[in-house]
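The values are calculated or read from the model by the stated rules, or taken from the named source; none is laboratory data. This structure is a prediction, so every number in the text was calculated from the model and none was measured. A quick note on method: Cβ atoms are made from the backbone with ideal geometry, for glycine too, and the neighbour counts reach across all protein chains shown.
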Amino acid sequence: MKFAKYWESIETKPDQDVFSFNPQTGEKLDPETTFTVWGASNESPESAMQRAKERLKKFETMVQNGFTDKSDYEYGFIREEVLDEILADDGTVIAALTRNNYGAIILNAVNVMFGDVDESEHGFFSRLFGKKKKDKDYYLAKIEQYQKENPELAIIVYETFAGLRFVITNHTYDLENTHDRTEMLKLFAALEVDPLYLRLCQQQGCFRARLTPKPWRINTERPPSRYPRSDRRDINDFEDWLKDYEMASTSKTVVKVLKEFGSVNTHPDVRKILEIHDRHALKGLGELA
């Protein structure tokens, strides 16, 4: 997982020799434009500030090169507030709860495989030629068939607002391990997991599962500012937003249990993660959001 305890930023006005225009659009930049460059560290605020300075230099180089190479500039950390950490029996961190940029709580599991599949809407020609609709029933049948063909796996399936979420319950997956990563890719391809979700897993080195509603599904705005917040007004505005968001979330659920396939022998790490997942995301008969 790529989370940092400390965040520091540098604000800088554009150097006209470096930032005089955007080479992608050709538009001239306002000399009063301010850039904010963030640095992250798990060691100290001073280390985070040093990283911010290093990234500012890399950003200048990136602009000089026409924005063609961003790989060295990216800091690799997920800019989300860490709310809690979940430990295995041996004390190692196996998951973290974070709040993402639109305010939802996210479960980030190191080795417990979550997968999301979304329903797809067919266009006119797909319907005309009788192409099978990929709805929740389609994906549920696909998961069931996959488990029958791979009986060594146990799978729990949840319904979500947009589709299904599945969890492998009797096995863990180390994304740093080549074999486990290959198995994940094979499974995700077979079950048609959302490509964006797969990319997030690969980039962030963990499996992510949203535990609380998307704000627009509960008639709530996004947070008024983004983490980290240092200005007192931003902090107060966010706290007010959070009260409204939590109040609007009370009658909603993110998932509903649909089916379980395979062995009931749940891996200890998975059991611990699912307890956290269900406590936050599974709210009885609430409306999916």
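Listing for the model above:
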item: Test for LYS243: is it more than 20 Å from the chain's Cα centre (by Cα), exposed (fewer than 12 other Cβ atoms within 10 Å of the Cβ) and more than 26 Å from GLN147 (Cα to Cα); result: yes
item: Residue check, ARG271 of a type outside the set (Gly, Ala, Ser), at pLDDT 95 or above and more than 24 Å from PRO151 (Cα to Cα); result: no
item: When residues of the stretch 194-221 are limited to those that are in a loop (DSSP other than H, G, I, E, B) and either at pLDDT below 95 or over 16 Å from the mean Cα position of the chain (by Cα) (or both), the one nearest to ILE276 (Cα to Cα); result: CYS206
item: Hey, PRO213 farther than 21 Å from VAL255 by Cα, in contact with a strand residue (DSSP E or B) (Cβ under 6 Å, 6 or more places away or on another chain) and buried (at least 16 other Cβ atoms within 10 Å of the Cβ) or not; result: no
